[in-house]
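Every number in this text was worked out from the coordinates using simple rules, so none of it is lab data. It should be emphasised that the depicted structure is a prediction, and the values quoted were computed from it without experimental measurement.
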Amino acid sequence: MGIIGAVWNQVAYIIRDKILNGVIRIINAITQFFNRVFTMMQKVVGIVEKKISRKLEGMGHFVERNLNGEFANVYQGFHVDEVGDWNETIARKSLPLEEVPDKYRLMINESQINDTKEIEASLEM
């Protein structure tokens, strides 16, 4: 194999290891973000249900970026009133930039990214 082959194997191993560690860090950061979002969703559900004296029928989440570049978690709650009409309740919570995952920081054309399905999928794992 020779010296060049041995060096190449070491370089390839280091590159693979760095890429793998980077992917693991990204997955961990997104998982932590979703866990914080889910915990906050539970709090929002409790507060909203108490305030409207009704059980929420559904809940959604998206990350919102305003014109100033500031981010917020937005929680949507859906319930049916006594007449049978669907109503939506929205709660927003500012999100410090350091807690925003990279994929949301790179929002260029979108002012909102709905990640409800991703959160549901992460909870099923």
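For the chain, the relative contact order works out to 22 percent when only alpha carbon pairs closer than 8 Å and six or more residues apart are counted.
Pairs of lysine in the chain with Cα under 21 Å and at least 8 positions apart or on different chains: total? Close lysine pairs found across the chain: 10.
Rounded to whole Å, the principal axis extents of the Cα atoms in the chain read 81, 35, 20, largest first.
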